[in-house]
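Engineer: Let me begin by handing over the structure; questions about it come next.
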Amino acid sequence: MSNYNWIAATVGMILALGMTRVVNSSVAIFRSRHRAKLHWIPFVWTLCIFYFMLDISWDLHNLSDKMQTWDFPRALILLGFVLVLFLAGALVLPQQELPEGANLKEEFIRDGRWTLIFVMVFNLLCIPYNWLLWKVPIFSSFGILDFILALIAFGALWGSQSKYEPLITLTYAGTLIVTALFGG
């Protein structure tokens, strides 16, 4: 087994666990809909995180052709990258069904919004990830977009109790959608 296969297996397991956690949490919250008040903002962040997990899974498949040799620093970058994403997915929604009378918006403000730190760090880590593993220049349109997404996530973290939270969340999701559709 090559170095890449060991790295891919480890990273793939972390991504699979992260995706499982996000889906299970989403189902648990959905089941709470009759006894708790749901809110759309945590679900938008959940979808963004899930998209990133799918995107990295696809990258993992394509990296086998791109990288002929793997060294420990590149492996650590990839591992750190997916661990940050796993933590974002683990924090965005409660893992259990919400109790009677609970409010998902309040849960997100209290606990879930801390996922935005990991989303911000993930977007910042995209810059060296793309440079070291994909040879994308740091100051390319991808690097600038990753930095902008990190700034928006930072704004969402500190604006999570303001009237601008919906606008910030939709700006992040919209930027991500445009990047996914037209950025490659």
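Engineer: Return yes or no: is SER141 under 21 Å from TYR172 (Cβ atoms), among the small types (Gly, Ala, Ser) and exposed (fewer than 15 other Cβ atoms within 10 Å of the Cβ)?
Structural biologist: In short, yes.
Engineer: Suppose the filter is farther than 28 Å from TRP6 by Cβ, touching a residue at least 60 places away in the same chain (Cβ under 8 Å) and assigned to a helix (DSSP H, G or I); does GLU100 pass it?
Structural biologist: Taking the combined requirement at face value, the residue does not satisfy it.
Engineer: Among the residues of region 34-53, what is the count of those that are loosely packed, with under 13 Cβ neighbours inside 10 Å and either in contact with a helix residue (DSSP H, G or I) (Cβ under 8 Å, 6 or more places away or on another chain) or over 18 Å from LEU116 (Cα atoms) (or both)?
Structural biologist: 2
Engineer: Cβ-Cβ below 6 Å, separation at least six or inter-chain, first residue in region 159-183 and within 18 Å of PHE43 (Cα to Cα), second of a type outside the set (A, V, I, L, M) and part of a loop (DSSP other than H, G, I, E, B): which pairs?
Structural biologist: GLU165/GLY159; ILE168/GLY159
Engineer: For region 57-67, does any single residue satisfy the condition of being surrounded by 14 or more Cβ atoms within 10 Å (Cβ to Cβ), under 14 Å from the mean Cα position of the chain (by Cα) and under 17 Å from TYR129 (Cα atoms)?
Structural biologist: Yes, because at least one residue in region 57-67 is surrounded by 14 or more Cβ atoms within 10 Å (Cβ to Cβ), under 14 Å from the mean Cα position of the chain (by Cα) and under 17 Å from TYR129 (Cα atoms).
Residue-by-condition table, conditions (1) farther than 22 Å from ARG113 by Cβ; (2) outside any helix (DSSP H, G or I); (3) among the hydroxyl-bearing types (Ser, Thr, Tyr); (4) touching a Pro at 6+ places or on another chain (Cβ under 7 Å):
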site	(1), (2), (3), (4)
SER32	no, no, yes, no
ASP59	yes, no, no, no
ASP65	yes, no, no, no
TRP70	yes, yes, no, no
PHE81	no, no, no, no
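Engineer: Report the residue count in region 133-154 for those that are hydrophobic (A, V, I, L, M, F, W, C) and touching a helix residue (DSSP H, G or I) at 6+ places or on another chain (Cβ under 6 Å).
Structural biologist: 9
Engineer: Please determine whether any residue of region 37-47 is free of Cβ contacts under 8 Å to residues at least 12 places away in the same chain, outside any loop (DSSP other than H, G, I, E, B) and under 18 Å from the mean Cα position of the chain (by Cα).
Structural biologist: yes
Engineer: What helices (runs of 4 or more DSSP H), lying completely within region 103-184, carry at least 1 residues that are under 16 Å from ASP55 (Cβ atoms)?
Structural biologist: Output list reads 115-134, 141-158, 165-182.
Engineer: Condition first: more than 18 Å from GLY18 (Cβ to Cβ) and touching a Pro at 6+ places or on another chain (Cβ under 9 Å). Now tell me which residues in region 83-104 satisfy that.
Structural biologist: Correct list: ALA102, LEU104.
Engineer: Is it true that some residue in region 98-112 is among the β-branched types (Val, Ile, Thr) and surrounded by 17 or more Cβ atoms within 10 Å (Cβ to Cβ)?
Structural biologist: Scanning region 98-112, I find no residue that is among the β-branched types (Val, Ile, Thr) and surrounded by 17 or more Cβ atoms within 10 Å (Cβ to Cβ), so the answer is no.
Engineer: In region 18-33, what residues are under 15 Å from the mean Cα position of the chain (by Cα) and surrounded by fewer than 14 Cβ atoms within 10 Å (Cβ to Cβ)?
Structural biologist: THR20, VAL23
Engineer: Of the numbered conditions (1) surrounded by 20 or more Cβ atoms within 10 Å (Cβ to Cβ); (2) closer than 25 Å to LEU133 by Cα, ILE77 satisfies every one except a single condition; which is it?
Structural biologist: All conditions are met except number (1).
Any read-out appearing in this document is the output of simple, stated calculations on the displayed coordinates, not a laboratory observation. Note that the structure is a prediction, hence the values are computed from the model and not measured. Neighbour counts run over all protein chains shown; Cβ positions are idealised from the backbone, glycine included.
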